Amino acid sequence: MDRYTPLFVNTAGKTCCVIGGGRVAERKIKGLLHAEAHIKVFSPEITAELKQLHDDSRIEWIARSYRNGDLRGAFLVYAATDHVEVNSSVVQEANEAGILVNDAMSSERSAFITPSVVRRGRLSIAISTAGAGPAAAAEIRSTLEQQFGEEYETYIEFLHQMRTEVKARVSSPGHRRVLLRQLTEMNVLEDIRTGQFRWWTEEEIGNWISRNQEEL
Ligand SMILES: C[C@@]1(CC(=O)O)C2=NC(=C\c3[nH]c(c(CCC(=O)O)c3CC(=O)O)Cc3[nH]c(c(CC(=O)O)c3CCC(=O)O)/C=C3\N/C(=C\2)[C@@H](CCC(=O)O)[C@]3(C)CC(=O)O)/[C@H]1CCC(=O)O
Ligand SMILES: NC(=O)c1ccc[n+]([C@@H]2O[C@H](COP(=O)([O-])OP(=O)(O)OC[C@H]3O[C@@H](n4cnc5c(N)ncnc54)[C@H](O)[C@@H]3O)[C@@H](O)[C@H]2O)c1
């Protein structure tokens with residue numbers, strides 16, 4: 001398969017099962033933890049870092065090999081063992097139960113694939129090569145990380161704050177659209193980069209909205 005539908009899935013509080021506890025499983029788990037999923041790991045052994053997460057009660061660990069039935073109640077499933085037959089059984093159970101599954105050994109068997117991700121607060125840029133070259137995806141991530149620096153976290157948070165206020169205070173969709181477009185035309189990113197940015201108070205936001213609305 002060479003064409004996929006990109007999605008951003010809300011996994012907060014949802015049970016996600018990971019079969020296997022090696023380096024690859026650890027990477028998938030860190031991504032899931034970032035998105036506040038409830039993680040159940042089935043694996044006889046796990047990495048030191050996963051052991052620490054388990055000791056800190058951040059993940060659930062079932063310290064044994066995978067058994068048919070383990071996926072009951074799962075929202076998403078990741079097969080990340082080093083045994084192709086185990087991964088295939090996991091995929092089969094998930095498919096029969098209608099649960100979306102990722103097989104770290106095969107994009108062909110996977111219902112979804114894991115992208116490489118640039119994270120800047122609310123901004124996520126996900127990259128996939130449709131399984132053709134995961135290392136290339138990671139390299140492209142590195143390039144994009146240079147282009148989209150840490151300043152984007154503040155920038156996007158500012159836009160979010162302003163958009164929330166505009167939505168609350170301006171009822172006309174046409175006016176909202178014009179105001180929101182004006183926001184992206186301001187030099188906020190440059191101000192953040194040069195250390196001149198400061199957060200606006202609620203009063204300042206209100207004044208900006210009134211001033212700009214008068215001009216519409
Ligand atoms: C992006 C990333 C996300 C993540 O895992 O979080 C990810 N792989 C990453 C790294 C990576 N993977 C591999 C290497 C070693 C170098 C090499 O072989 O190239 C490295 C580099 C490294 O480890 O540094 C080997 C590898 N990967 C897969 C196979 C099996 C196969 O292709 O059949 C094999 C061969 C195994 C073997 O030969 O034994 C399969 C998949 N890997 C995917 C994702 C999915 C496709 C993504 C896409 O569409 O591009 C897919 C299909 C399934 C999935 O896992 O969802 C993450 C980078 C994160 C980052 O740094 O940003
Ligand atoms: N998708 C990717 O990003 C990617 C990257 C590199 C490698 N891979 C593939 O993923 C596989 C796993 O890589 P790794 O580096 O994490 O390997 P690893 O050997 O470090 O980890 C394998 C894990 O699977 C567990 N396991 C083995 N049999 C099991 C079973 N029956 N039930 C539950 N858990 C079981 C082991 O205890 C171990 O924790 C590799 O063999 C390779 O084919 C995928």
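The values are calculated or read from the model by the stated rules, or taken from the named source; none is laboratory data. Note that the structure is predicted; figures quoted are calculated from it, not measured. Positions of Cβ are generated from backbone atoms using ideal geometry, with glycine treated the same way; all protein chains shown enter the neighbour counts. Note: accessible area is taken over every heavy atom of the protein model, side chains too, but ligands, DNA and RNA are not part of it. Shrake-Rupley method; radii C 1.70, N 1.55, O 1.52, S 1.80 Å.
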request  = Report, to the nearest whole %, how much of the accessible area of the range 1-114 belongs to carbon and sulfur atoms, 1.4 Å probe, protein only.
outcome  = 50
task = Please calculate how many Å² of accessible area the range 1-114 carries per residue, with a 1.4 Å probe and no DNA, RNA or ligand atoms counted.
result = 57
remark   = Length gained, Asp56-Asp82, 0.36 nm per residue minus C-alpha separation, equals 6.8 nm
ask   = Dipole of the range 106-207 (Lys/Arg Cβ +1, Asp/Glu Cβ -1, origin at the Cα centre): which of Thr184, Ser142, Gln196 lies farthest to the positive side?
value = Thr184
message = Need the full-extension length gain, Phe148 to Phe75, defined as separation in residues times 0.36 nm minus the C-alpha distance. One decimal, nm.
response = 23.1 nm
inquiry  = If R₀ is 45 angstrom, what is the calculated FRET efficiency for the pair Glu190 and Leu33, using the beta carbon separation as r and rounding to 0.05?
reply    = 0.85
query = Using only Cα atoms, what is the ratio of the radius of gyration of the range 151-214 to 2.2 N^0.38 Å?
reply = 1.09
Total charge dipole magnitude, the range 1-140, about the Cα centre, Cβ charges on Lys, Arg, Asp, Glu only, Debye to nearest 20 = 440
inquiry  = Need the full-extension length gain, Trp200 to Asn212, defined as separation in residues times 0.36 nm minus the C-alpha distance. One decimal, nm.
reply    = 2.8 nm
query = What whole number of Å gives the distance from the Cα centroid of the range 1-33 to the Cα centroid of the range 144-216?
reply = 33
message = Rounded, prolate or oblate for the range 89-161? Axes are the square roots of the Cα gyration tensor eigenvalues, ordered a ≥ b ≥ c, and the cut-off for rounded is a/c under 1.5.
response = oblate
inquiry  = Can you tell me, using C-alpha contacts under 8 Å and at least 6 residues apart, the relative contact order of the chain as a whole percent?
reply    = 13
request  = Calculate, axis by axis, the spread of Cα positions in the chain along the three principal axes, and write the results as whole Å, longest axis first.
outcome  = 66, 36, 33
task = Excluding residues on the same chain fewer than 8 positions from Lys51, give the lysines whose Cα lies under 16 Å from its Cα.
result = Lys28, Lys30, Lys40
request  = With runs of 4+ DSSP H residues as the only contributors, calculate the mean residue ellipticity of the chain at 222 nm using -39,500 (n - 2.57) per run, divided by the residue total and rounded to the nearest 500.
outcome  = -14500 deg cm²/dmol
